[in-house]
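A short write-up of the structure that comes next.
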Amino acid sequence: MTSEQKQWISATVPVLKENGILLTKYFYNRMFTHNPELKNLFNMGNQQSGKQQTALAMAVLAYAENIANPGVLMPVVDRIGHKHVSLDIRPEQYQIVGRHLIASIQEVLGDAATPEIVDAWTAAYQQLANLMSGHEAKLYEQKTVQPHGWTGWRPLKWVK
C-alpha cells in the first residue's frame, strides 16, 4: 500500500466508527444473496443476533486504525486464523469476500465512495487477505506435519 492509500484509510476511521455495523450488515446480506453457498461457513445464529456483523465492524475499524502498522494486530490475526483453519477457509474465498466488501463500500457510501477511497480499501483489503491467508497457510502446514495430520475435509469410517 502507498502512504497516500494509508492516509485515505485513516480518513475513513470516523465513518467506520459511526457506520461500521451498518456497512457490515449490508455486506453480509449482499454476500449471502450472491453467494448463498457461503452460509455453511458462518454461524447463522451469530448473523441473526448481529454478533458477527459487530465483530467484523470492530475488526475492520481496528485494521483501519492500525493501517500504518497492521503487525500490531497479529494476536487477533492468529485467533481469527485458527477459526478460519477450523472451517477450512481458503485464499480463494477471501477474493469473494473482498469483492462483496468493496462493492458494499461503494453501494453504502454512494458518492462519498470516491475512486481514491475505493482504491485505498481495495489495496487495504488485499493486504489484509494476504496477511490472513499467509498466516493460515502456516497453520495448515502445522496440521499436515503432525502424525496423521491433514487439512480439508475427508470421509472417515468409524470402525468401533
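The values are calculated or read from the model by the stated rules, or taken from the named source; none is laboratory data. It should be emphasised that the depicted structure is a prediction, and the values quoted were computed from it without experimental measurement. Cβ: placed from backbone, ideal geometry, glycine included. Neighbour counts: every protein chain shown. All accessible areas refer to the heavy atoms of the entire protein, side chains included, with ligands and DNA or RNA removed. Shrake-Rupley method; radii C 1.70, N 1.55, O 1.52, S 1.80 Å.
Is there a residue being under 22 Å from LEU16 (Cβ atoms) and modelled with pLDDT under 95 anywhere in segment 133-141?
No; the residues of segment 133-141 include none that is under 22 Å from LEU16 (Cβ atoms) and modelled with pLDDT under 95.
Please specify each residue of segment 4-14 satisfying the condition of being buried (at least 17 other Cβ atoms within 10 Å of the Cβ) and β-branched (Val, Ile, Thr).
Once the filter is applied, which keeps residues that are buried (at least 17 other Cβ atoms within 10 Å of the Cβ) and β-branched (Val, Ile, Thr), segment 4-14 yields ILE9, THR12.
Give TYR28, TYR63, TYR94 a once-over and let me know the one that is surrounded by 17 or more Cβ atoms within 10 Å (Cβ to Cβ), assigned to a helix (DSSP H, G or I) and in contact (Cβ under 8 Å) with a residue 60 or more places away in the chain.
On inspection, the qualifying residue turns out to be TYR63.
Could you list all residues from segment 136-155 that are in contact (Cβ under 8 Å) with a residue 60 or more places away in the chain and either assigned to a helix (DSSP H, G or I) or open to solvent by less than 60 Å² (accessible area, probe 1.4 Å) (or both)?
Matches in segment 136-155: THR151, GLY152.
Keeping to segment 70-90, report how many residues are open to solvent by less than 70 Å² (accessible area, probe 1.4 Å) and not in a loop (DSSP other than H, G, I, E, B).
Selection size over segment 70-90: 11.
I'd like the full set of residues that are in a helix (DSSP H, G or I), at pLDDT below 95 and either aliphatic (A, V, I, L, M) or touching a His at 6+ places or on another chain (Cβ under 7 Å) (or both), limited to segment 106-123.
VAL108, LEU109, ALA112 - these are the residues of segment 106-123 that are in a helix (DSSP H, G or I), at pLDDT below 95 and either aliphatic (A, V, I, L, M) or touching a His at 6+ places or on another chain (Cβ under 7 Å) (or both).
Name the residues in segment 97-118 that are surrounded by 16 or more Cβ atoms within 10 Å (Cβ to Cβ) and more than 21 Å from ASN29 (Cα to Cα), would you?
ILE117
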